[in-house]
């Protein structure tokens with residue numbers, strides 16, 4: 001198993017998906033969740049009504065919250081060298097890549113990741129679908145959907161549940177190019 005995995009989830013303020021209005025993560029080491037983190041983020045951009053309705057995050061809520069470039073000083077040491085884990089991971093990773101570019105932050109061009117949606121399809125094939133809320137309900141997880149902290153924790157718990165079935169994470173390990181916003185072949 002990887003030394004450290006970071007299960008994470010982001011919420012966005014609008015359909016451009018190049019800014020983050022909230023981020024949640026949980027650190028997984030030695031088969032258990034060792035740290036949880038959540039914060040609202042000031043995206044320094046407009047909010048679409050759809051996203052406000054979906055997440056409950058408004059421009060007023062993010063006033064005085066850290067901007068991504070400031071927050072990145074805390075996140076980067078956690079993300080560096082970790083296997084990044086997300087549910088429908090290419091969405092969260094593409095938002096991360098776009099956000100890094102929007103702030104002119106140069107980081108890794110490619111990062112290792114695993115997708116718990118893909119993992120859950122293998123482990124729990126009889127579910128009607130493999131959306132985060134469906135898999136969470138099946139596993140009996142408490143989920144406040146579209147709250148980045150809750151979604152990240154559920155993602156981490158799903159990852160661990162898949163490992164308990166005997167699934168090997170190496171089979172689901174991929175690399176994501178943060179510049180082209182695609183999984184590497």
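Only the coordinates and a few stated rules stand behind these numbers; no lab work does. No experiment lies behind these values; they were computed from the predicted model shown.
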Check: Where does the chain land at 222 nm, in deg cm²/dmol rounded to the nearest 500, when only DSSP H runs of n ≥ 4 count, each adding -39500 (n - 2.57), divided by all residues?
Finding: -11000 deg cm²/dmol
Checklist line | Fraction of antiparallel bridges per DSSP, the range 5-183 only, in percent to nearest 5 | finding: 75
Checklist line | Global form of the range 84-130, assessed from the alpha-carbon gyration tensor, a/c cut-off 1.5 | finding: prolate
Notebook entry, point to check: Relative contact order, percent, of the chain when contacts are C-alpha pairs under 8 Å separated by at least 6 residues?
Noted result: 27
Check: Please state the relative contact order of the range 110-180 as a whole percent: Cα pairs under 8 Å, 6+ residues apart?
Finding: 49
Margin query: For a test of the definition: using alpha carbon positions, the gyration tensor, and the 1.5 limit on a/c, classify the range 69-156 as rounded, prolate or oblate.
Written below: prolate
Margin query: Classify the range 1-93 from the C-alpha gyration tensor, please: rounded if a/c falls under 1.5, else prolate or oblate depending on whether a/b exceeds b/c.
Written below: prolate
